[in-house]
Amino acid sequence: MRTAEVAEVLRGVYDPELAIDIVSLGLVYGIEPGEKGLVVTMTTTSPACPMSDALHGMTEAVLAHAFPRQAIDVTLSYEPQWSVAMADREALAELGW
(Lines give C-alpha, C1' and ligand atoms only; values in the text may rest on other atoms or scores of the structure.)
Protein backbone atom coordinates (compact mmCIF):
# COMPACT_ATOMS: atom_id res chain seq x y z
CA MET A 1 0.00 0.00 0.00
CA ARG A 2 1.36 3.38 -1.04
CA THR A 3 0.54 6.86 0.23
CA ALA A 4 -0.96 7.84 -3.13
CA GLU A 5 -3.21 4.77 -3.06
CA VAL A 6 -4.47 5.67 0.41
CA ALA A 7 -5.05 9.29 -0.65
CA GLU A 8 -7.10 8.09 -3.61
CA VAL A 9 -9.28 6.00 -1.29
CA LEU A 10 -9.72 9.01 1.00
CA ARG A 11 -11.03 11.03 -1.94
CA GLY A 12 -14.17 8.97 -1.45
CA VAL A 13 -14.82 10.64 1.92
CA TYR A 14 -16.76 13.88 1.60
CA ASP A 15 -17.21 16.63 4.15
CA PRO A 16 -20.97 16.35 4.76
CA GLU A 17 -21.47 20.11 4.96
CA LEU A 18 -19.31 21.19 2.01
CA ALA A 19 -19.74 18.14 -0.27
CA ILE A 20 -16.03 18.20 -1.17
CA ASP A 21 -13.66 15.31 -0.50
CA ILE A 22 -11.36 15.54 2.51
CA VAL A 23 -8.15 15.30 0.48
CA SER A 24 -9.11 18.21 -1.80
CA LEU A 25 -10.12 20.27 1.23
CA GLY A 26 -6.72 19.70 2.83
CA LEU A 27 -8.20 17.94 5.85
CA VAL A 28 -5.73 15.05 5.59
CA TYR A 29 -2.52 16.04 7.37
CA GLY A 30 -0.63 12.77 7.13
CA ILE A 31 -0.73 9.27 5.68
CA GLU A 32 1.71 6.75 7.11
CA PRO A 33 1.37 3.27 5.63
CA GLY A 34 3.45 0.60 7.31
CA GLU A 35 3.81 -3.15 7.54
CA LYS A 36 1.77 -3.30 10.75
CA GLY A 37 -0.92 -0.82 9.82
CA LEU A 38 -2.00 2.50 8.49
CA VAL A 39 -1.98 5.77 10.40
CA VAL A 40 -3.92 8.73 9.03
CA THR A 41 -3.85 12.12 10.70
CA MET A 42 -6.67 14.43 9.74
CA THR A 43 -8.60 17.42 10.92
CA THR A 44 -12.00 19.01 10.47
CA THR A 45 -12.85 22.50 9.31
CA SER A 46 -13.00 23.64 12.95
CA PRO A 47 -12.43 22.08 16.36
CA ALA A 48 -16.12 22.64 17.10
CA CYS A 49 -17.29 20.94 13.89
CA PRO A 50 -20.54 19.09 14.70
CA MET A 51 -19.67 16.46 12.07
CA SER A 52 -16.26 15.50 13.56
CA ASP A 53 -17.40 12.10 14.81
CA ALA A 54 -19.21 11.29 11.58
CA LEU A 55 -16.25 12.35 9.43
CA HIS A 56 -13.84 10.34 11.59
CA GLY A 57 -16.10 7.29 11.40
CA MET A 58 -16.54 7.56 7.62
CA THR A 59 -12.77 7.80 7.18
CA GLU A 60 -12.15 4.72 9.32
CA ALA A 61 -14.87 2.76 7.50
CA VAL A 62 -13.61 3.59 4.01
CA LEU A 63 -10.05 2.66 4.95
CA ALA A 64 -11.08 -0.57 6.67
CA HIS A 65 -13.05 -1.56 3.58
CA ALA A 66 -10.20 -0.75 1.19
CA PHE A 67 -7.47 -2.30 3.34
CA PRO A 68 -9.16 -5.10 5.33
CA ARG A 69 -5.93 -6.75 6.45
CA GLN A 70 -4.43 -3.56 7.90
CA ALA A 71 -4.82 -2.09 11.36
CA ILE A 72 -6.31 1.36 10.85
CA ASP A 73 -5.60 4.32 13.14
CA VAL A 74 -7.31 7.60 12.25
CA THR A 75 -6.30 10.46 14.51
CA LEU A 76 -7.88 13.90 14.64
CA SER A 77 -5.47 16.80 15.08
CA TYR A 78 -6.14 20.51 15.21
CA GLU A 79 -2.53 21.61 14.89
CA PRO A 80 -2.26 23.42 12.65
CA GLN A 81 -5.83 24.65 12.62
CA TRP A 82 -7.38 24.16 9.19
CA SER A 83 -7.91 27.15 6.93
CA VAL A 84 -9.43 27.42 3.47
CA ALA A 85 -5.92 28.11 2.12
CA MET A 86 -5.17 24.38 2.68
CA ALA A 87 -7.69 23.35 0.00
CA ASP A 88 -6.57 22.57 -3.54
CA ARG A 89 -7.55 24.68 -6.57
CA GLU A 90 -10.60 22.62 -7.48
CA ALA A 91 -11.97 22.77 -3.95
CA LEU A 92 -11.34 26.51 -3.79
CA ALA A 93 -13.22 26.95 -7.07
CA GLU A 94 -16.15 24.91 -5.72
CA LEU A 95 -16.14 27.10 -2.62
CA GLY A 96 -16.20 30.20 -4.78
CA TRP A 97 -12.71 31.42 -3.91
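General observations
- Order of exposure, largest accessible area first, which applies to 15, 88 with probe 1.4 Å: 88, 15
- Exposure check, 1.4 Å probe, all protein chains in place: residue 76 carries approximately 60 Å² of accessible surface.
- Phi-based couplings in Hz for the stretch 28-36 (Karplus 6.51, -1.76, 1.60; Gly and Pro marked x): 8, 8, x, 10, 10, x, x, 5, 9
- Once exposed loop GluC sites (Glu not before Pro) are cut out (DSSP; at most 15 other Cβ, 10 Å), longest piece of the chain: 36-97
- Surrounding net charge for residue 76, when Lys and Arg each add one and Asp and Glu each subtract one, Cβ distance under 12 Å: -4
- Net charge over other residues, Cβ less than 15 angstrom from the Cβ of residue 2 (K, R count +1; D, E count -1): -3
- Mean silhouette area of the stretch 44-93, derived from the convex hull of its C-alpha atoms and averaged over all directions, reads 4.4 nm².
- Over the chain, dividing the summed -39,500 (n - 2.57) contributions of all DSSP H runs of at least 4 residues by the number of residues returns a 222 nm mean residue ellipticity of -8500 deg cm²/dmol.
- The 1.4 Å probe gives accessible areas that order 74, 84, largest first, as 84, 74.
- Helix 52-66 axis, angle to the chain major axis (alpha carbon atoms, nearest 10°): 40
- Semi-axis lengths, largest first, of the ellipsoid equivalent to the chain are 22, 14, 12 Å, with √(5λ) applied to each eigenvalue of the Cα gyration tensor.
- What a 1.4 Å probe finds exposed on the chain is 53% carbon and sulfur by accessible area, rounded to a whole percent.
- Heavy-atom accessible surface of the chain, averaged per residue, reaches 58 Å², computed with a 1.4 Å probe.
The values are calculated or read from the model by the stated rules, or taken from the named source; none is laboratory data. Keep in mind that what you see is a predicted model, and the values were worked out from it rather than measured. Heads up, the Cβs are rebuilt from the backbone with ideal geometry, glycines too, and the neighbour counts pull from every protein chain shown. Surface accessibility is based on the protein's heavy atoms, side chains included, excluding ligands, DNA and RNA. Shrake-Rupley method; radii C 1.70, N 1.55, O 1.52, S 1.80 Å.
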